[in-house]
Amino acid sequence: MDLFEQIIQTVKFYVDGFGIPVGEQVIPLKVIALLGAGFFLTVRLGFVQLRYLSHGFAVATGRYDDPNEPGDVSHFQALTTALSATVGIGNIAGAAWAIHYGGPGALFWMWMTALLGAATKFSEVTLAQRYREVTAETHKHEGTVAGGPMYYIEHGLGPRWRWMAIFFAIALGFTAFITGNAVQANTLADTMQSNFGTPNVVTGLLAAAVVAVVILGGITRIGRVTAVLAPLMAGIYVLSALVIIAMNAGAVLPTFALIMREAFNPSAGVAGTGIGVLLVTLNWGVNRGLFSNEAGQGSAPIAHAAAKTDEPVSEGVVGLVEPFIDTIIIVTMTCLVLIITGVYDDRVPSEMTLAGGDLTYVTPQPDGRFVEGDAPASIRITGGRQPITDGQVAFAWHDVPVERFFTDVAQTQAFTGAIDPAAGSAVGADGTTYDTLYGNAPEGGAPLTQLGFQRGLAPLVDWGGFIVVLSVMLFAISTAISWSYYGDRCAAYLFGKQAVLPYRLVYVAMGLSWDRDRAGRGLGPR
Amino acid sequence: MWRWVFLGTVIAPAAVWDLGDIALTVCILPNLLALVLLSSKTRTLMDDYFSRQAWLQQPKD
């Protein structure tokens with residue numbers, strides 16, 4: 001068992017860690033590949049994303065729909081299915097981590113990534129439509145078309161590449177189970193548990209029931225449900241953010257000026273990492289951008305392949321709309337709220353569990369950065385303060401050194417004693433052992449976004465944070481719904497249509513069997 | 001702490017996450033390779049569609 005985990009860690013190290021070192025930073029191979037391909041396709045296709053975005057919107061609205069053309073869903077439903085998979089926790093938590101570590105300038109690099117990614121998305125979708133397989137209808141829920149990278153690899157590149165198509169289908173089918181399903185289920189259960197105290201079993205059964213009812217109806221039902229769900233959830237989120245922005249209208253221009261300035265000359269990364277280090281900001285922006293809009297991953301084209309049309313390019317231009325809505329609109333809303341309300345570099349009262357969670361040990365550098373390091377044997381705290389000096393390891397929450405420690409929530413009793421990282425506890429001068437200390441620290445991830453909405457809407461209502469909680473829940477369920485289709489097309493490609501129903505049953509069952517390790521991985525920075 | 005029964009073995013959820021991460025990276029490379037190799041085809045399809053103004057054609061009966 002431990003051996004298995006070690007193998008995974010080793011593989012991850014080579015797959016994710018492999019890249020080109022620039023200074024102390026490593027630009028991962030996948031980032032280079034994604035940006036490189038995006039740039040190549042942008043040039044090769046003559047800046048298709050700038051020229052035809054508005055045409056994409058026109059097609060998506062259904063103006064040119066012909067219900068008699070082959071396919072399973074309308075242009076609009078194909079778009080909402082793909083969007084409900086793409087718009088997810090990354091838009092709420094991922095964007096917040098990018099600002100936390102990379103500073104406001106990270107948003108600019110997320111925009112650039114979306115811009116290049118749009119050409120990639122156009123290519124994927126067009127090819128998925130061109131090389132899809134249309135079959136006679138056997139059972140309605142099985143769908144009449146199947147397309148995606150496995151089909152354009154096999155039929156586009158030729159039978160000699162079949163191994164690569166199979167390889168892709170296995171990897172994506174597997175991803176659907178994990179990031180498409182189990183992680184969403186975990187995020188949902190966590191959110192329900194920490195906000196409403198709902199037992200995980202209850203959330204699990206409810207979520208599985210909802211997902212099952214939708215996905216057992218196949219792509220036609222998924223399309224009908226997401227056509228309502230995706231605009232609804234995006235609408236609630238964007239509208240709330242716009243209210244906050246409108247109330248701070250005077251801050252909008254300075255905020256955009258800040259984003260542009262910080263993009264090229266970052267200074268204000270709250271976790272200290274951004275100070276003068278352009279590559280850190282660029283890396284965080286590009287990474288979070290790529291994984292928010294999924295361009296190049298090969299997942300979204302599977303949904304777009306189901307659209308009713310006999311013109312592949314007409315769905316390709318609809319694909320252009322996807323990064324636009326996901327990144328240029330929704331991610332931007334998240335970031336603007338975080339910057340305008342000022343929560344991104346605020347220290348807020350936090351409960352710090354010493355046994356793990358969000359605590360790290362960092363060493364302040366002379367240039368103002370913090371470098372993560374190993375836990376020291378012990379950290380002495382005197383009168384609530386720890387020594388934060390160059391080269392000395394400090395206790396950090398969300399990678400930012402904590403300045404003052406208290407033993408009570410109200411922060412009246414300063415802590416004096418020593419933190420013992422190995423034991424996961426602290427021992428006071430009087431010999432008392434503490435599992436938890438209190439102090440001011442920056443938030444990160446989804447809780448940071450929650451804080452931003454809470455504060456931004458405070459002049460109007462006292463439940464602003466609930467909008468983020470609601471959005472996390474809707475985004476998680478809708479992501480799980482759409483990813484089931486990606487997985488079932490992979491299963492159909494590998495094992496034939498008879499594998500579709502069993503795949504969906506396993507998919508529903510898998511969403512139930514999560515764990516209670518609240519290390520926050522689902523919301524983690526990565 | 002519960003652990004997830006998976007692939008007939010019992011592994012920590014964090015490792016499952018990592019596994020998902022690896023699978024995702026593994027999807028990206030073959031897909032991008034295909035997109036680049038097929039880019040001429042995409043270009044042809046695109047030029048043809050826009051020169052015909054295919055969206056203006058009447059729906060077929």
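Considering only protein heavy atoms and a 1.4 Å probe, what is the carbon-and-sulfur percentage of the accessible area of the protein assembly as shown?
Details: 14370 of 22800 Å².
Here carbon and sulfur together make up 63 percent of the probe-accessible area.
Counting each DSSP H run of 4 or more residues in chain A as -39500 (n - 2.57), what helix-only mean residue ellipticity at 222 nm follows after dividing by all residues, to the nearest 500 deg cm²/dmol?
Here the helix-only value at 222 nm equals -17500 deg cm²/dmol.
If eta is 1.002 mPa s and T is 20 °C, what Stokes-Einstein diffusion coefficient results for segment A:374-415, Kirkwood Rh from Cα pairs, in µm²/s?
Taking Rh from Cα pairs, D becomes 193 µm²/s.
Could you report chain A's accessible area per residue, 1.4 Å probe, as an integer in Å²?
Accessible area per residue, chain A: 38 Å².
Chains A and B: buried accessible surface, both sides, probe 1.4 Å, rounded to 100 Å²? Let's see the in-between values first.
Working: alone 22560 and 5920 Å², together 22800 Å².
Using a 1.4 Å probe, the pair buries roughly 5700 Å².
Between A:Thr281, A:Ile328, A:Ala410, whose Cα lies farthest towards the positive end of the dipole of segment A:277-417 when Lys and Arg beta carbons carry +1 and Asp and Glu beta carbons carry -1, centred on the Cα centre?
Toward the positive end, the furthest listed residue is A:Ala410.
About the Cα centre of chain A, what is the dipole size in debye to 20, counting +1 per Lys and Arg Cβ and -1 per Asp and Glu Cβ, all else neutral? Present the calculation step by step, with values, prior to reporting the outcome.
Values: 29 positive and 40 negative charges, 200 e Å.
Charge dipole of chain A: 960 debye, to the nearest 20.
Please identify the helices of chain A, taking whole runs of DSSP H, that span at least 27 Å along their own axis as judged from the Cα atoms and have a mean Kyte-Doolittle score of -1.0 or higher.
Helix filter hits for chain A: A:106-130, A:218-247, A:464-495.
Size of the dipole of segment A:348-441 about the Cα centre, Lys and Arg at +1 and Asp and Glu at -1 on the beta carbon, nothing else charged, in debye to 20?
Here the size comes out at about 220 debye.
Which GluC sites (Glu not before Pro) in segment A:59-164 sit in a loop by DSSP (not H, G, I, E or B) and have at most 15 other Cβ atoms within 10 Å of their own Cβ?
A:Glu137
What distance in nm lies between label points placed 7 Å from Cα along the C-beta direction at A:Phe196 and A:Leu279?
Each label point lies 7 Å from its Cα, and together they span 4.6 nm.
The values are calculated or read from the model by the stated rules, or taken from the named source; none is laboratory data. The structure displayed is predicted, hence computed values, not measured ones. For neighbour counting, all protein chains shown are included, and Cβ atoms are generated from backbone atoms with ideal geometry for every residue, glycine included. With ligands, DNA and RNA removed, areas are computed over all heavy atoms of the protein, side chains included. Shrake-Rupley method; radii C 1.70, N 1.55, O 1.52, S 1.80 Å.
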